[in-house]
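The values are calculated or read from the model by the stated rules, or taken from the named source; none is laboratory data. It should be emphasised that the depicted structure is a prediction, and the values quoted were computed from it without experimental measurement. Cβ placement follows ideal geometry from the backbone for every residue including glycine, while neighbour counts extend to all protein chains displayed.
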Amino acid sequence: MKNSAPLLERYVEQTSRALLLVDEAGTVAFCNGKLTALLNWSDGDSPVGQPFDRFLAWLAEVKADSFLDLGQTAEALRRSLALGHPFREEDFLLAERWLSLCGRPLEGGGYALTLTNVTTHHTTMETLRRSSRTTVMALAELAESRDQTTGEHVLRVARATHEIARKLRDQGRYTETIDGHFLQNIALASILHDIGKVTTPDRILLKPGPLDPEERQIIQQHSEVGRKLLTRLNDFLDDDSYLAMSARIAGAHHEKFAGGGYPEGVADQSIPLEGRIVALADVFDALISERPYKQAWSEAEAVDFLQKESGRMFDPWIVEAFLEVLEDRKKSHKIVWTPEMTVGDRMLDFDHRNLVSLLNQVHRSLEQRDFTMFDLVLQELFNYTLGHFNREEAYLNRMGYPHREPHAAIHRGLTQKVREMRQRLYNANARQELGEELMELLSTWLKDHILREDGQYFRYAQRLDAAQAQVSAGTPAAATPPPEAGRASR
């Protein structure tokens, strides 16, 4: 075609997509003006003629506003180029604009990298995700409504699921599956892993002792029930993101890596990756969780179980990734649980340990600039305020604590603050400021409420126990002085 070259040149310069071409030697051969504009480069910053590694080094150093570690993105892109593999879309927020990065090898050699401004799309999708999160949490609450502790369990599982998936990506595992889309959806999708239990009878679901063979067969049906329910919902909503993944997780999270699980008894790679990840996260949290009918295992005991079951119940790569996640969590400890924080009740002490863990994970999400983890921690904190405060206030009522109303008023104040923070969360540019504010709030709460206010009802409970012991021994009980008045405001 006559004059096609100038026409093509004008198109490449005027297209909405930024374009960067790498030749067979790994040198940047071309980039259009849209690339320098989207990345806020000056005219002299063109990478043309420079090694592609120089562009990757620049990318690795960018402090994106999305909590996405672009250093890992740069490394994944380097591997894709070396192996001649496509690089699936990865989105990040830079200077208040959402940019989508993807790449593909060219026939005959070379590599093409494109960068697209997807801000409008992200704004729309964030509104939809906000609605989706509300729907998912409502469905999860329906599934867990008969057990006051498991609603918090599914959020802890979601956070661990996200951390494992991200760690696997960082280790270069399952790169053909774990892309930005996978990381964006797996935590939310995991929350519905037990949705099938809505059909399990109370006499089985809430049975405190071991199940007989018939009861076990009935409860095991929840995996297939959940898969079918979520598949139908996904088809009805014509959705191909988190609900489709939720269906796969619901149906696969009780399969075993070596086979012999349920409902299908499949093994190894026949189990969807997301199902294998949630299987480990679910079991680990169940083991270390306090329940009215069981004591929590120590983390060391649970880790020992995971290691013994690596290759049998669990995917060895996923076990390895999760053990690294646990080590990362320990490195980010700002506050360590101490005996002086105990309030003498097993369930409430377990709750308070979780609050300390949440505070540490807020700090970690800020360090790693991990938006997804931060969002999960904030949602977990909101559920914590509802679940823990209900349990604590019921405990105060049972003991007849005279200052339970001022204590409950403090609870309501924190719940409202966390609720307001959740509303502000959807402004992506406010997350760093919000995270620092949340750290301050939780640190103050730990010092002023758990160590002081909760310490008062603990001492009151101790005096009641001492008085009851005296009565039981036939010794007249001394009058029990009331504790100090609770502080209803800061």
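So K207 ticks every box in (1) under 19 Å from D194 (Cβ atoms); (2) modelled with pLDDT of 90 or more but one. Which box is left unticked?
(2)
For region 440-457: of the residues being over 29 Å from the mean Cα position of the chain (by Cα) and farther than 14 Å from T338 by Cβ, which is surrounded by the fewest Cβ atoms within 10 Å (Cβ to Cβ)?
Residue satisfying both the conditions and the ranking: R452.
Tally time: how many residues in region 425-439 are at pLDDT 70 or above and over 18 Å from the mean Cα position of the chain (by Cα)? Spell out the reasoning first.
Step one: filter region 425-439 for residues at pLDDT 70 or above, giving 433-439.
This time we only want the ones that are over 18 Å from the mean Cα position of the chain (by Cα), so: 433, 436-437.
Total satisfying the criteria: 3.
Quick one: count up the residues across region 443-457 that are within 29 Å of D370 (Cβ to Cβ) and modelled with pLDDT of 80 or more.
Matching residues across region 443-457 total 6.
Quick check: anything in region 66-84 modelled with pLDDT of 90 or more and of a type in the set (S, T, N, Q)?
no
Among (1) touching a Lys or Arg at 6+ places or on another chain (Cβ under 7 Å); (2) within 22 Å of H162 (Cβ to Cβ); (3) assigned to a loop (DSSP other than H, G, I, E, B), there is one condition A247 misses while meeting the rest; what is its number?
Checking A247 against (1) touching a Lys or Arg at 6+ places or on another chain (Cβ under 7 Å); (2) within 22 Å of H162 (Cβ to Cβ); (3) assigned to a loop (DSSP other than H, G, I, E, B), the one that fails is (3).
Which residue out of L348, L359, L355, L396 is out of contact with any Lys or Arg (no Cβ under 7 Å at 6 or more places or on another chain) and surrounded by 18 or more Cβ atoms within 10 Å (Cβ to Cβ)? Spell out the reasoning first.
On the way: L348 fails: out of contact with any Lys or Arg (no Cβ under 7 Å at 6 or more places or on another chain); L359 fails: out of contact with any Lys or Arg (no Cβ under 7 Å at 6 or more places or on another chain); L396 fails: out of contact with any Lys or Arg (no Cβ under 7 Å at 6 or more places or on another chain).
Checking each option against the conditions leaves just L355.
For G226, which of the numbered conditions (1) surrounded by 14 or more Cβ atoms within 10 Å (Cβ to Cβ); (2) assigned to a loop (DSSP other than H, G, I, E, B) fails to hold?
The failed condition is (2).
Filter region 254-280 down to residues that are in contact (Cβ under 8 Å) with a residue 60 or more places away in the chain and closer than 15 Å to L306 by Cα and give me whichever is surrounded by the most Cβ atoms within 10 Å (Cβ to Cβ).
Taking region 254-280 as the starting set, the residues that turn out to be in contact (Cβ under 8 Å) with a residue 60 or more places away in the chain are 273-274, 277-278, 280.
Among the residues that remain, those that are also closer than 15 Å to L306 by Cα are: 277-278, 280.
Working: I277: 30, V278: 32, L280: 25.
Here the residue is V278.
For the subset of region 236-247 comprising residues that are surrounded by fewer than 21 Cβ atoms within 10 Å (Cβ to Cβ) and touching a helix residue (DSSP H, G or I) at 6+ places or on another chain (Cβ under 9 Å), which member is nearest to M313 (Cα to Cα)?
First, pick out the residues of region 236-247 that are surrounded by fewer than 21 Cβ atoms within 10 Å (Cβ to Cβ): 236-241, 244.
Then keep just the ones that are touching a helix residue (DSSP H, G or I) at 6+ places or on another chain (Cβ under 9 Å); that gives 237, 239-241, 244.
Numbers: L237: 34, D239: 31, D240: 29, S241: 27, A244: 24 Å.
By that ranking, first place goes to A244.
Please find, among F236, F322, the residue that is closer than 30 Å to L441 by Cβ and aromatic (F, W, Y).
Working: F236 fails: closer than 30 Å to L441 by Cβ.
Only one candidate qualifies: F322.
Quick test for you: out of R203, R227, pick the one residue that is out of contact with any Leu (no Cβ under 6 Å at 6 or more places or on another chain) and more than 25 Å from R291 (Cβ to Cβ).
Numbers: R203 fails: more than 25 Å from R291 (Cβ to Cβ).
Going through R203, R227 in turn, just one is out of contact with any Leu (no Cβ under 6 Å at 6 or more places or on another chain) and more than 25 Å from R291 (Cβ to Cβ): R227.
Criterion first (in the same structural domain as N185 (by TED's automatic domain parsing), at pLDDT 95 or above and in a loop (DSSP other than H, G, I, E, B)) does G261 satisfy it? First the steps, then the outcome.
On the way: in the same structural domain as N185 (by TED's automatic domain parsing): yes; at pLDDT 95 or above: yes; in a loop (DSSP other than H, G, I, E, B): yes.
Considered against the rule, which asks whether it is in the same structural domain as N185 (by TED's automatic domain parsing), at pLDDT 95 or above and in a loop (DSSP other than H, G, I, E, B), G261 comes out as yes.
Is there any pair linking a residue in region 97-109 that is under 11 Å from G84 (Cα atoms) to one that is buried (at least 18 other Cβ atoms within 10 Å of the Cβ) and not aromatic (F, W, Y), with Cβ under 6 Å and at least six apart or on different chains, and which?
Listed by first residue and then by second, the contacts come to G103/L113.
Select, from A467, A478, the only residue that is modelled with pLDDT under 75 and of a type in the set (G, A, S).
On the way: A467 fails: modelled with pLDDT under 75.
Only one candidate qualifies: A478.
Here are the criteria: (1) assigned to a helix (DSSP H, G or I); (2) under 23 Å from E224 (Cβ atoms); (3) touching a Leu at 6+ places or on another chain (Cβ under 8 Å); (4) modelled with pLDDT under 85. Tell me which single one D147 does not satisfy.
Here D147 meets the rest and fails (1).
When region 21-45 is examined, which residues are found to be in a helix (DSSP H, G or I) and within 16 Å of L115 (Cβ to Cβ)?
From region 21-45, those in a helix (DSSP H, G or I) are 33-38, 43-45; that's our starting set.
Passing the criteria: G33, K34, L35, T36, A37, L38, D45.
When you scan region 112-122, do you find a residue that is modelled with pLDDT under 75 and either touching an Asp or Glu at 6+ places or on another chain (Cβ under 8 Å) or buried (at least 20 other Cβ atoms within 10 Å of the Cβ) (or both), even just one? Give the steps one after another, and end with the answer.
Start the filter on region 112-122 by keeping residues that are modelled with pLDDT under 75, which leaves 121-122.
This time we only want the ones that are either touching an Asp or Glu at 6+ places or on another chain (Cβ under 8 Å) or buried (at least 20 other Cβ atoms within 10 Å of the Cβ) (or both), so: 122.
Among the residues of region 112-122, at least one is modelled with pLDDT under 75 and either touching an Asp or Glu at 6+ places or on another chain (Cβ under 8 Å) or buried (at least 20 other Cβ atoms within 10 Å of the Cβ) (or both), which makes the answer yes.
Rundown of residues vs (1) within 18 Å of the chain's Cα centre (by Cα); (2) part of a helix (DSSP H, G or I), yes/no style:
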residue	(1), (2)
F284	yes, yes
A296	no, no
K308	no, yes
R312	no, no
E320	no, yes
L326	yes, yes
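Can you pull out every residue in region 177-223 that is acidic (D, E), assigned to a loop (DSSP other than H, G, I, E, B) and free of Cβ contacts under 8 Å to residues at least 40 places away in the same chain?
First pass over region 177-223, keeping only residues acidic (D, E): 179, 194, 202, 212, 214-215.
Next cut, assigned to a loop (DSSP other than H, G, I, E, B) only: 179, 194, 212.
Hit for region 177-223 is D212, nothing else.
So which residues in region 333-377 are small (G, A, S) and part of a helix (DSSP H, G or I), if there are any at all? Break it down into steps so the answer makes sense when it comes.
Restricting attention to region 333-377, the residues satisfying the condition of being small (G, A, S) are 344, 357, 365.
Scanning region 333-377 gives S357, S365.
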